[in-house]
Amino acid sequence: ATAKHAYQADGDDELTFAKGDKLTILRDAEDEGWYVCVDSKGRQGVAPATHVMQDDSSALGSTTTGSASKGGRTATAKHAYQADSQDELTFAKGDKLTIVSEAEDEGWYNARDTFGRAGLVPATHIKLENAGGAGG
């Protein structure tokens, strides 16, 4: 995502950024109209959605309802995973994930969770669902 406007944090949990800064949206914040973001320096905080422009076709805010099969297979997390870097996705055992594509690194997938958060997931921690209908 890209900052459409500069923003000066009002509280400790908010993120200060300049217009044009690149931000990674992790998820929707508890307060409506806010995102939990990480900036390019690794600082995390909440940012007002009005100041952030999602600049990716697989933008987190795009509705994924009914399009899970489009451009991706579904997978279920066999094990919980804690992200080691900001481009990875943290998930719990049993979470449903949409596989967007295979990642450049072997054994990893680009995936999106049910909250719209996107990131890399290790293939060892997920079970891909059957792509077809009634499989046997």
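Can you check what the net charge comes to around LYS127, using other residues whose Cβ is under 12 Å from the Cβ of LYS127 (Lys, Arg +1; Asp, Glu -1)? All intermediate terms of the calculation are to be shown ahead of the outcome.
Values: positive: ARG73, LYS78, LYS93, LYS96; negative: ASP95, GLU129.
Overall, the nearby charge balance is +2.
Quick check: net charge around LEU15, other residues with Cβ under 10 Å of its Cβ, Lys/Arg +1 and Asp/Glu -1?
Values: positive: ARG43; negative: ASP13, GLU14, ASP21, ASP39.
Value of the local net charge: -3.
Just so you know, all these numbers are worked out from the coordinates, no wet-lab data involved. On a predicted model such as this, the values are computed, not experimentally measured, just so you know. Because the Cβ atoms are built from the backbone with ideal geometry, glycine has one as well, and the counts that use them run over all protein chains shown.
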